[in-house]
Amino acid sequence: MRLTIFALTLATTFAAATAQAADTAAAPTREQIQAAVDAGVAKTKSSVPMAVKMTSLAGCQPSPEVKEETVCLVGMSAGMRDGFMVLPLRQDAGVWVGVERKNAQFPAPAPAEAMALIRAWARDEMAKDPEAAKDKQMQEAATTMQIKSLNDCDVARKTGYLVCETVLTTPGQSSDIKAQFSYAFENGAWRYIPRK
């Protein structure tokens, strides 16, 4: 079974699934999310049993789309298919419940935070490699480049990275530069992922 089909099935049945009781001040735990996934799979009543397991939890944040919801970036295994997806959840009487919404969005870092991550990465690379320190683009990334916005961010199914269409400016450029940048959300913090 393809993971994308699983994601659609899970999104459809997730609304009826409930997780374990949750503390209203905290994000759902790995166990609470897995319980919601299990309940969602059970609700499908499929004639073909599905072995669906959450393999990793990158973290949860407030939903950028719906004020009362939390979105969690999780790695999932469905049979022979593995991949990352965003699961939306909300609280109902102190219990985490899944929300039926396909293509839920995971919030991107703010432009200033994204720029700070790139600056730190560029400075580190320049400190390690004298040739990189001579590169004009690396120098700009470390000092003068500015990120104006991150748009159309999507989670890459294979890596879990948030890939964003990014609008940049650099001194001396008469127009904005558009580039695709990736970020990893790990243990509640963002990390810039350089292009290879």
Name, by its number, the condition in (1) in contact with a strand residue (DSSP E or B) (Cβ under 9 Å, 6 or more places away or on another chain); (2) at pLDDT below 95 that does not hold for S174.
(1)
Residue selected from segment 182-191 under the condition within 20 Å of Q137 (Cα to Cα) and touching a Pro at 6+ places or on another chain (Cβ under 9 Å), by the criterion surrounded by the most Cβ atoms within 10 Å (Cβ to Cβ):
Y183
Considering segment 138-196, residues that are touching a residue at least 60 places away in the same chain (Cβ under 8 Å) and β-branched (V, I, T), and then whichever is nearest to V86 (Cα to Cα), we arrive at V155
List pairs: first residue in segment 40-55 and part of a helix (DSSP H, G or I) and of a type in the set (K, R), second residue modelled with pLDDT under 70 and surrounded by 15 or more Cβ atoms within 10 Å (Cβ to Cβ) anywhere in the structure, Cβ distance under 9 angstrom, at least six positions apart or on different chains.
K43/T13; K43/F14; K43/A17
Hey, could you check segment 43-55 for residues that are surrounded by 14 or more Cβ atoms within 10 Å (Cβ to Cβ) and modelled with pLDDT under 80 and say which is nearest to N187 (Cα to Cα)?
V52
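Taking the conditions exactly as written (within 23 Å of the chain's Cα centre (by Cα) and aliphatic (A, V, I, L, M)), does M115 satisfy them or not? Let's see the steps before the verdict.
Numbers: within 23 Å of the chain's Cα centre (by Cα): yes; aliphatic (A, V, I, L, M): yes.
Yes: the conditions hold for M115.
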Exactly one of A133, A179 is farther than 22 Å from P64 by Cα and in contact with a Leu (Cβ under 7 Å, 6 or more places away or on another chain), and that one is A179
Hey, S174 among the small types (G, A, S) and buried (at least 17 other Cβ atoms within 10 Å of the Cβ) or not
no
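The values are calculated or read from the model by the stated rules, or taken from the named source; none is laboratory data. Every value quoted in this text rests on a predicted model; they were computed, and no experiment measured them. Ideal geometry is used to build each Cβ from the backbone, glycine not excepted, and the neighbour counts take in all protein chains shown.
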